[in-house]
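Written below as structure tokens is the structure these notes are about.
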Amino acid sequence: MNPTPGAVLQPFRDRLEVLDQQLAELVAARLAICCEVAEVKRANGIPMMQPDRVHKVRESYAARGRRLGLDQDFMRALATLLIDEACRLEDEIIDDPAGRTATGPASADPAHAEVHE
């Protein structure tokens, strides 16, 4: 009797699940740092948007992709997703009149977020 497709694929799915968990944890860690950056920006009157940095991060992702044999456009798109979420979080923190910190409400909790800076 032949194994089912699900049984054949399950070991790969298990490995992917471990990597997906690690990716989520890394994204959360990156976003936590972005929240810290937002606090520094707020405290020092630094504008949230730093266009040169955004460009540098996107191109850095593309270069990493090239070195790893990944599509550069995909890596730029991934960077854009992370940057967009980080900007959203930074806006919330910088614009909060109560002076919320990265350890404040769940909306600033990196487990509920994504990345930028």
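The values are calculated or read from the model by the stated rules, or taken from the named source; none is laboratory data. What you are looking at is a predicted structure, and each value in this text was computed from that prediction instead of being measured. Note that each Cβ is placed from the backbone with ideal geometry, even for glycine, and that neighbours are counted across all protein chains shown. For accessibility, only protein heavy atoms count, side chains too; no ligands or nucleic acids. Shrake-Rupley method; radii C 1.70, N 1.55, O 1.52, S 1.80 Å.
The residues of the range 50-81 that are touching a helix residue (DSSP H, G or I) at 6+ places or on another chain (Cβ under 7 Å) and touching a residue at least 24 places away in the same chain (Cβ under 8 Å), listed by number, are Val54, Val57, Arg58. Residues that are touching a residue at least 12 places away in the same chain (Cβ under 8 Å) and of a type in the set (D, E, K, R) were ranked within the range 14-49; the one that is least open to solvent (accessible area, probe 1.4 Å) is Lys41. Would you mind stating whether Ala106 is within 17 Å of the chain's Cα centre (by Cα), under 11 Å from Cys34 (Cα atoms), open to solvent by less than 80 Å² (accessible area, probe 1.4 Å) and at pLDDT below 95? It is false that Ala106 is within 17 Å of the chain's Cα centre (by Cα), under 11 Å from Cys34 (Cα atoms), open to solvent by less than 80 Å² (accessible area, probe 1.4 Å) and at pLDDT below 95.
For the range 39-49, the count of residues that are assigned to a helix (DSSP H, G or I) and in contact with a Lys or Arg (Cβ under 7 Å, 6 or more places away or on another chain) is zero. Take Arg64 and tell me if it is modelled with pLDDT of 95 or more, open to solvent by less than 90 Å² (accessible area, probe 1.4 Å), among the charged types (D, E, K, R) and on the phi < 0 side of the Ramachandran plot. When the stated conditions are applied, Arg64 does not pass them.
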